[in-house]
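Derivation of every value follows stated rules applied to the coordinates shown; laboratory data play no part. Bear in mind that the values here come from a model prediction, so they are computed numbers and not experimental data. For neighbour counting, all protein chains shown are included, and Cβ atoms are generated from backbone atoms with ideal geometry for every residue, glycine included.
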Amino acid sequence: MSSTTGSTTGGVPAAATPSTSAAAGTAGSPGRLAEETAQGRTTIAASVVQKIAGIAAREISGVHSMGGGLSRTFGALRERIPGGGTGASNIAGVQVEVGEKQAAIDLDIVVEYGASIVDLARAVRRNVITAVERMTGLEVIEVNIAVNDIHLPDEDGPEAPPVPATPAPSRVE
């Protein structure tokens, strides 16, 4: 380790120079923010950004769930398998691209019926940007939101309607 005489405030470096060696990536790749100072290097995996964005999106009232129908189904199955509910690929509905200094985030959400989708999207976008920028130091350049479904209040009951004891008469000949 080499010693430097950089200025510090309370033991924390006054300025940090980002490294140019980090590659851009997606949630499943090793892309990450790289920060190199005289005291060491900090990297943030894309999966970390993905988790932060997913949690921040779910914090907003009116977001019922994340992901499309198929990804929600596989996610529910994965959570029932021991050890299957962890990892970056399990953040349904969140895709990220992380570069050296910036991140772009795509969200797939299901909203509660009655929520204003425009206001909800604005609140989700604001919360995700704030959380990711505050926790990682990355500049979030865009948050794209796709509303894939609306959750109706009566959908909380059984998954399928009960099957009648006797078959209903046919409506067609």
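Worth pointing out:
- Pair V118, D154: separation of 7 Å Cα→Cβ label points (nm): 2.9
- A crude spin-label estimate for the pair D106 and I55, with each label 7 Å from Cα along the Cβ direction, gives 2.4 nm.
- Summarising the amide proton neighbourhood of S65: residues at separation of 5 or more, or on other chains, whose placed amide H is nearer than 5 Å comprise V110.
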